[in-house]
2 protein chains.
Amino acid sequence: MTLIRPFQETDWPTVWSILHATFQSGDTYANSPHSTEAEAHQAWVELPAATFVACSPDGRVVGSYILKPNQPGLGGHVCNAGYVVAADAQGQGIAAAMCEHSQAQALSMGFLAMQFNLVVSTNERAVRLWKRLGFTVVGTLPRAFRHQRLGFVDALVMFKQLAG
Amino acid sequence: MTLIRPFQETDWPTVWSILHATFQSGDTYANSPHSTEAEAHQAWVELPAATFVACSPDGRVVGSYILKPNQPGLGGHVCNAGYVVAADAQGQGIAAAMCEHSQAQALSMGFLAMQFNLVVSTNERAVRLWKRLGFTVVGTLPRAFRHQRLGFVDALVMFKQLAG
């Protein structure tokens, strides 16, 4: 059972360790593999409209997600979300639980739709999961992601209407 | 003949008047129609990697464009650009001249591709122009723009490779 609750600053060391490992792998997030802790804190805590964490039954933080408007003003009804899961907690449905939670949370914040701007096409597990959760591939950005092992690969834009 | 040169702070009053009118119309840019001058300055001058202006033969500033990385790190080889033209200078090829200039400028800054994230689908003149200049529609975002007259309308993602 995954508990999802708002982020607190005391969660940061664990969240940063997850982000650091995720960014370093260079295969799913655009954030530089050399991102500093301060840059990551700004991107994950200061800039987003909301940051949440997912906890395992023993209370350990094993994942985190952010929500923010994807565009200002007249595009601000569409939100953007990002999710990370600790390497040793993959495959337990935590990303799915966070994505479901983030959709409800986005609706409660007044967002009408959710957009992912840069889903790495080679991240097949993520693409499959977002599709299962109701997202559609609405665009393909040719060679828009510089994968650390594979070089330039396509990235997908995925989208889901949350409300009329 | 349109001269295009780097923005200087003395250009700001004119650039702001163009931006203000553009944002107020609420039919092409996501920026709120109620954007303040400080918000516009941040978005157009402080955040971008480069800001340029287009001048008419008599030296008057009649347009402006910005360039910035569209994503951090591993997506940072794709740039994003935005263009505005004064209402009384439309139809003179100024947007086309700025777009051509911005592509050369982007290449000189090391970018490999250019992406427009939110081309309002009802802005047919812009869509036609970007296509003529080599951009392709790579995605359609359903109802992603809240048009001030037409309500929710689709927005397009357009993309052009600038270099191998």
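The values are calculated or read from the model by the stated rules, or taken from the named source; none is laboratory data. All of these numbers come straight from a predicted model, not from anything done at the bench. All Cβ positions, even for glycine, are placed from backbone atoms using ideal geometry, and neighbour counts span all protein chains on display. For the accessible areas, the whole protein counts, side chains as well, though only heavy atoms, and no ligand, DNA or RNA atoms are used. Shrake-Rupley method; radii C 1.70, N 1.55, O 1.52, S 1.80 Å.
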With one decimal in nm and the nearest listed first, the spacings from A:GLN42 to its own position in the other copies, using label points 7 Å along Cα-to-Cβ, are 1.3
Under a Cβ-only charge scheme (Lys and Arg +1, Asp and Glu -1), can you give me the dipole magnitude of the stretch A:27-164 about the Cα centre, in debye to the nearest 20? 440
If you add up the charges near B:LEU3, with Lys and Arg at +1 and Asp and Glu at -1, over every other residue whose beta carbon is less than 14 angstrom from its beta carbon, what do you get? -1
Pop out a list of residues from the stretch B:97-125 that are at least 10 Å² less accessible with all the protein chains around than in their chain alone; 1.4 Å probe, no ligands or nucleic acids counted. B:LEU112, B:GLN115, B:ASN117, B:LEU118
Taking the axis about which chain A rotates onto chain B, which residue of A lies nearest it as judged by Cβ position, and how many whole Å separate them? A:GLY139, 1
Between B:GLN92 and B:MET109, with labels modelled 7 Å along Cα→Cβ, what's the label distance in nm to one decimal, could you check? 2.5
How much accessible area is lost when chains B and A come together, counting both sides, with a 1.4 Å probe, in Å² rounded to the nearest 100? 2400
Can you list the lysines whose alpha carbon sits under 25 Å from that of A:LYS131, skipping same-chain ones fewer than 8 residues off? A:LYS68, A:LYS160
Using distinct alpha-carbon pairs, which all enter the 1/r mean, Kirkwood radius of the protein assembly as shown in Å: 20.8
Per-residue accessible area, 1.4 Å probe, largest first, puts A:ASP11, A:ASP27, A:ASP88 in the order A:ASP88, A:ASP27, A:ASP11
Measuring from a point 7 Å out along Cα→Cβ, what nm distances, shortest first, does B:LEU107 have to its partners in the other copies? 4.9
Over the stretch B:3-161, the quotient of the Cα radius of gyration and 2.2 N^0.38 Å is 0.99
Just from the alpha-carbon atoms, what are the Rg and Dmax of the stretch B:1-92 in angstroms? 13.3, 43
Quote the relative contact order of the stretch B:34-164 in percent (integer), defining contacts as alpha-carbon pairs under 8 Å separated by 6+ residues. 18
Peptide B:65-75, shielding by other chains (average Cβ, 10 Å cutoff): 6
Can you list, shortest first in nanometers, how far B:GLN24 lies from the same residue in the other copies, with each label 7 Å from Cα toward Cβ? 5.3
Need one number: nm distance between label points at A:GLU9 and A:HIS34, each 7 Å from Cα along Cα→Cβ, rounded to one decimal. 3.0
Can you find, among B:SER108, B:GLY73, B:GLY139, the residue farthest towards the positive end of the dipole of chain B? Put +1 on the C-beta of Lys and Arg, -1 on that of Asp and Glu. B:GLY139
Could you check how much of the accessible area of chain B is carbon and sulfur, as a whole percent, using a 1.4 Å probe? 53
Over the protein assembly as shown, with neighbouring protein chains present, the accessible area per residue in Å² at probe 1.4 Å is 44
Which residues of the stretch B:135-151 bury at least 30 Å² of accessible area once all protein chains are present, versus their chain alone (1.4 Å probe)? B:VAL138, B:LEU141, B:PRO142, B:ARG143, B:ALA144, B:ARG146
